[in-house]
Amino acid sequence: MKSKGLLTASFLLLVLSAVIWWSNKKAATADKTPVETASVKLLNLPEDQIQNIEIKKRTGETLQLQRNDSQWRIIVPRLLRADPDAVSSMLSTLSSLTSDRTVEEKATKLDEYGLTQPTIELSIGDKNKKTTKLLIGDETPAGTAVYAAIAGDQRVFVLSSYKKNSFDKSPNDLRDRRLLTFESDKVSSIELTAKKQVIAFGRSKDQWQIVRPKPLRADSSQVEELLRTLRDAKMDLSGSEDDKKVSAAFDSGTLFATAKVTDVSGTQELQVRKNRDDYYAKSSAIAGVYRVSTGTGTGLDKNLGDFRNKKLFDFGFADPEKVELHDGPKSYFLTRSGSDWWSSGTKMEPGTVSAFIDKIRDLSASKFPESGFATPVMDLTVTSDGGRRVEKVLLSKNGDNYEAKRENEPTLYELNASSVSELQNSAAELKPAPAPVPSKK
């Protein structure tokens, strides 16, 4: 009986201990229940007031950024230019950082949140030489957020993981990876050497022209695409190759393309080489040799024909003011007044005029022959841009197709017979607007 009583007492003691443990745990959990659900603004630092940032990680890495006038640079672990877009994104998050919720108003055991030795310690210095420290600790149990605190503030907060990711950066994440640093809107000329050709472009206002190998009309959209390729040429730092291997691959590669870009600050040059299926580049703007993306390589793999303007007319999507077509014995005259089109004093049906102008706008060369232009059989004149642009094109028959020539320009454009036939048909379909219906009295 004594043995049975002892077992019963032991069981009751065990149950009582479990109840006390559960009660204490519940009380502790209650103490750490969020004291508020509204978000709290943790930092209130205008972006233009932030002068330096230091990122220290629990793993030992340190990254320091410093503002020099309007330019940011990395100064630790080594001096590097900072990517203005990447830094701007981080500053935007920092300047108005808010918490998701508050965990404790007066925390006494920061180690429970991983804040004694934080995962990330962010020190932000402003123009007044005041430093604010943001501590980022462990993940919350759900794994979708992290604990955070401001040094000197007893409160513990929760931040969404994506906000932490805004600060969890390495030098490669924040360094300026551009190989050319020109200002796109201030570029005046580009020179591309590729496919055994040297092609040079000059810009006047917003219009590009080919100036080498000889003056030619350029497709401005294609030249702008080339400019974007050069602007977006960046170091590919994702591979495991060290600097020596990259340099060796560049040295043993085949010259693929060379580009020169000139803006108000001078000329920068990019040399791209291909080694097997990879591309490597060397820039005059920065030191070193780097792997670049396949997109950079293919974006420079262009010849003269890729940049020539195939359109016969430059009025684009704007409505011209006048159109005059002479096709053998047939002639067509159109003049626009406001939104209305007129021909010899007769108001024209707008749908047929619009279709006719679309056919003129679509006239494009299928290729650029060197010779073959004969006696003109058709001429077309378009006046646009408030009368400041007058474009006249002559067309002659050459076999099954047509050859066209812009007035005062040597270039020949071969047109498919179908495009000319469609133009003739749309001209023949021009008709007066319906007479207005008289109002009933």
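The values are calculated or read from the model by the stated rules, or taken from the named source; none is laboratory data. Being a predicted model, the structure only gives us computed values, none of them experimental. FYI the Cβ positions are ideal-geometry reconstructions off the backbone, even for glycines, and counts take in every protein chain you see. SASA here: full protein model, heavy atoms, side chains in, ligands and nucleic acids out. Shrake-Rupley method; radii C 1.70, N 1.55, O 1.52, S 1.80 Å.
D by Stokes-Einstein for region 99-170, Kirkwood Rh over Cα pairs, 10 °C, 1.306 mPa s: 128 µm²/s.
In the chain, the alpha-carbon atoms span a convex hull of 356 Å³ per residue. Candidates 353, 171, 325 compared by Cα position along the dipole of the chain: farthest toward the positive end lies 171, with charges placed on Cβ. Computed with every protein chain present, the accessible area of residue 402 is close to 30 Å² [probe 1.4 Å].
Along its three principal directions, the equivalent ellipsoid of region 303-348 from the Cα gyration tensor extends over semi-axes of 30, 16, 5 Å, largest first. Computed from label points 7 Å out along Cα-Cβ, the spacing between residue 40 and residue 78 is 4.2 nm. Principal-axis analysis of the Cα atoms of the chain puts helix 243-252 at an angle of about 20° to the longest axis. FRET efficiency for the residue 188 to residue 242 pair, using the beta carbon distance and R₀ = 56 Å, is estimated at 0.90.
Computed from the alpha carbon positions, the gyration tensor of region 183-331 leads to an equivalent ellipsoid with semi-axes of 38, 16, 13 Å, biggest first. With all protein chains present, how much of the accessible area of the chain (probe radius 1.4 Å) comes from carbon and sulfur, to the nearest whole percent? The computed percentage sits at 49. Helical runs assigned H by DSSP (4 residues or longer) give the chain a calculated mean residue ellipticity at 222 nm of -7500 deg cm²/dmol, each run adding -39500 (n - 2.57) before division by the residue total.
Put a dot 7 Å past the Cα of residue 346, heading toward its Cβ, do the same for residue 68, and the two dots end up 7.4 nm apart. Of all lysines in the structure, those lying under 22 Å Cα to Cα from residue 330, and not within fewer than 8 positions of it along the same chain, are 322, 347, 359, 392, 397, 405, 431. Could you give the angle, 0 to 90 degrees to the nearest 10, between helix 220-231's Cα long axis and the longest principal axis of the Cα atoms of the chain? Approximately 30 degrees, to the nearest 10. Classify region 277-357 from the C-alpha gyration tensor, please: rounded if a/c falls under 1.5, else prolate or oblate depending on whether a/b exceeds b/c. Prolate shape, in that a/c is at least 1.5 and a/b is the bigger ratio. So how tilted is helix 2-31 from the main axis of the chain? Cα-based, degrees 0 to 90, rounded to 10. Compared with the principal axis, the helix lies near 40 degrees. Could you please state, rounded to a whole Å, how far the C-alpha centre of region 361-375 is from the C-alpha centre of region 298-354? Using only Cα atoms, the two centres lie 17 Å from each other. Modelled spin-label separation between residue 47 and residue 429, with each label point placed 7 Å from Cα along the Cα-to-Cβ direction: 5.2 nm. Hydrodynamic radius of region 281-328 by the Kirkwood approach over all distinct alpha-carbon pairs: 15.9 Å.
The residues of the chain expose, per residue, 57 Å² of accessible area to a 1.4 Å probe. The relative contact order of region 51-158 comes to 25 percent, based on Cα pairs under 8 Å that sit 6 or more residues apart.
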